[in-house]
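Data first, discussion second: the structure below is written as C-alpha cells.
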Amino acid sequence: VIDIRKLYAQGDVFTYDPGFTSTASCTSTITYIDGDKGELLYRGYPIEQLAEKSHYLEVCYLLLYGELPTAAQLEDFEHRVTNHTMVHEQMHNFFRGFRRDAHPMATMVGVVGAMSAFYHDSTDISDPWQREVAAIRMIAKLPTIAAMAYKYSVGQPFVYPKNSLDYAGNFLHMCFSVPAEEYIVNPILSKAMDRIFTLHADHEQNASTSTVRLAGSSGANPFACIAAGIACLWGPAHGGANQACLEMLREIGTVDRIPEYIARAKDKDDPFRLMGFGHRVYKNFDPRAKVMKESADEVLELLGIEDNETLKVAKELERIALEDEYFVSKKLYPNVDFYSGIILDAMGFPTAMFTPIFALSRTVGWISQWKEMMFDPELKIGRPRQLYTGAPARGYIEVEDR
Ligand code: ACO
C-alpha cells in the first residue's frame, strides 16, 4: 500500500485511477470483503451466519456500534427504533408534491433530503447526540418512507406503522395493507424480507457509500448525505440492477431466446450487459447471492410458484452463464441482485420498488460509515484530482472573430 499523501506532499504527484479500482479512500472497521474467497464480514462476523442466526435490527446494532448487543441492549435499541417509525403528518405534504406516477426512488431522494428541512434538532453534526438521533431516525423511518412512496405511486392511502410487528413484517404491512383489509404477515415471508435487509445492510466502499462519505466529508448534514447515497444507488450498474435484472428476465421471456441475449452480452459493439451478473470486487462468487438463492427457493416453494416462465429463464440463464467460456473467463457470476428481484417479485412488489428496498436496507451501512467518518481524526474533504486533457491556455476571441 502506498500512502499517496506522502508522495503528494513531496511534489505534484498523484495517481490516475478511473473507477477507483485500486484506491483506498479511507480506513474502516465496519465491513470486510475478500473478493477472491467470496467472503463478506460485518464487524468480523460472516454474512452467512448473520443471515441464518441474527436478524436485521441486531445487525444494525452491530454495524452502528461495533459489537453484537446483549439482550438488554437489543431491547433498548429496538425500542428506540420503534419509537421513531412514524413520520410527521406534515411530511405527507412532501409526497403530495410529486407526480403520482413518480418512481419511488425519485420520491425517496426528495423526501429523505427534505428530512434535513424538517428534523432540525438532528442536523448539527458537531453534536454526537444529534448524530445518534439522526441515525436512529433514518433506520426507523426509511421503511415508512419507502412504503409511503410505494402507496403514493399506486394511488392508495398511506398505511401507518404497526409497532407490534417486527421491522420486516411492519414494512410488508405498510406496503400491502389496505383500509378494507389488513395484510396478514406470513412469518416465512417476513423472515425472507428481513434476510434481504440483512444481506444488503453494508458493503464497504461501494459507489453509494463512497458518495455518502464524499458528501459527508464536506460537513453536509446526515439526511443530505443519505439522500445523495440513495441517488447514487439508483443507477442500473449499482442498486438499480435488481429492477433492471427482473425487467431483463421478462424481456427475454422464454428460455429459447436466451442464446440471443448471451450473444448480445458478449458483443462489444452492443452496450447490453446481463443484469445481475458481475461484481467489481467478487471474482469468485457473491456470498450474498448464495444465501439469497436459498431464500428464493424457500419463498417460491411457499407461494407455489416454482414453475413460472421468468423463473425458468432465470435458472437457465444462470446455468448457461456459469458454463459459458466468456462469463467464466471474466469471472462474471450471478450477484445478489440476480436473486433478490425474484423474491421481491414473488412477494408482490412491483419492479420499481426493488431499488427502494435496497436503499432502506443499506441506510444502516451508509449511516454507520458516515458516523465512523465523523470520528476520524484524519477526516479531510474528499477532493479527487484529475488528469486534464483539454485545450492549453489560450486568449479569448471576440465573437465577431470566431
Ligand atoms: N454482462 C456482460 N459482460 C460483462 C458484464 C455483464 N453483466 N459485467 C462485466 N462484463 C464484462 C465487461 O464488458 C468487461 O469486458 P472486457 O474486459 O472485454 O472489456 C469485463 O467484463 C469487466 O467489466 P467491467 O465493467 O470493467 O467491470 P467492473 O468491475 O467495472 O463492473 C459491474 C462491475 C458494474 C457490476 C458490471 O459487472 C456490471 O455492469 N454488471 C451488470 C450490472 C449489475 O448487475 N450490477 C449490480 C452489481 S452488485 C450491486 O451493486 C449490489
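Every read-out reported here was derived from the displayed coordinates using simple, explicitly stated rules and does not represent laboratory data. No experiment lies behind these values; they were computed from the predicted model shown. FYI the Cβ positions are ideal-geometry reconstructions off the backbone, even for glycines, and counts take in every protein chain you see.
A compact table of results
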{"quantity": "Subset of region 310-349 (residues that are of a type in the set (Ser, Thr, Tyr), surrounded by 14 or more Cβ atoms within 10 Å (Cβ to Cβ) and within 11 Å of the ligand (Cβ to nearest atom))", "calculated": "Tyr333, Ser340"}
{"quantity": "Residue match in region 113-121 (condition: closer than 20 Å to Gly235 by Cα, assigned to a loop (DSSP other than H, G, I, E, B) and in contact (Cβ under 8 Å) with a residue 12 or more places away in the chain)", "calculated": "no"}
{"quantity": "Matching residues in region 26-81 - criterion: being part of a loop (DSSP other than H, G, I, E, B), out of contact with any His (no Cβ under 9 Å at 6 or more places or on another chain), on the phi < 0 side of the Ramachandran plot and surrounded by 14 or more Cβ atoms within 10 Å (Cβ to Cβ)", "calculated": "Cys26, Ser28, Ile30, Ser54, His55, Leu68, Pro69"}
{"quantity": "Selection within region 279-309 - among the aromatic types (Phe, Trp, Tyr) and near the ligand (Cβ under 9 Å from one of its atoms)", "calculated": "Tyr282"}
{"quantity": "Near pairs, Cβ below 7 angstrom, 6+ apart or cross-chain, from region 230-244 (charged (D, E, K, R)) to any residue that is outside any loop (DSSP other than H, G, I, E, B)", "calculated": "none"}
{"quantity": "Scope region 279-324; condition outside any loop (DSSP other than H, G, I, E, B), in contact (Cβ under 8 Å) with a residue 60 or more places away in the chain and of a type in the set (Asp, Glu); matching residues", "calculated": "Glu298, Glu316"}
{"quantity": "Entirely in region 189-278, the helices (runs of 4 or more DSSP H) that have 1 or more residues that are within 26 Å of Leu303 (Cβ to Cβ), under 17 Å from the mean Cα position of the chain (by Cα) and within 14 Å of the ligand (Cβ to nearest atom)", "calculated": "241-252"}
{"quantity": "Tally of residues being touching a residue at least 40 places away in the same chain (Cβ under 8 Å) and aromatic (Phe, Trp, Tyr) across region 52-79", "calculated": "1"}
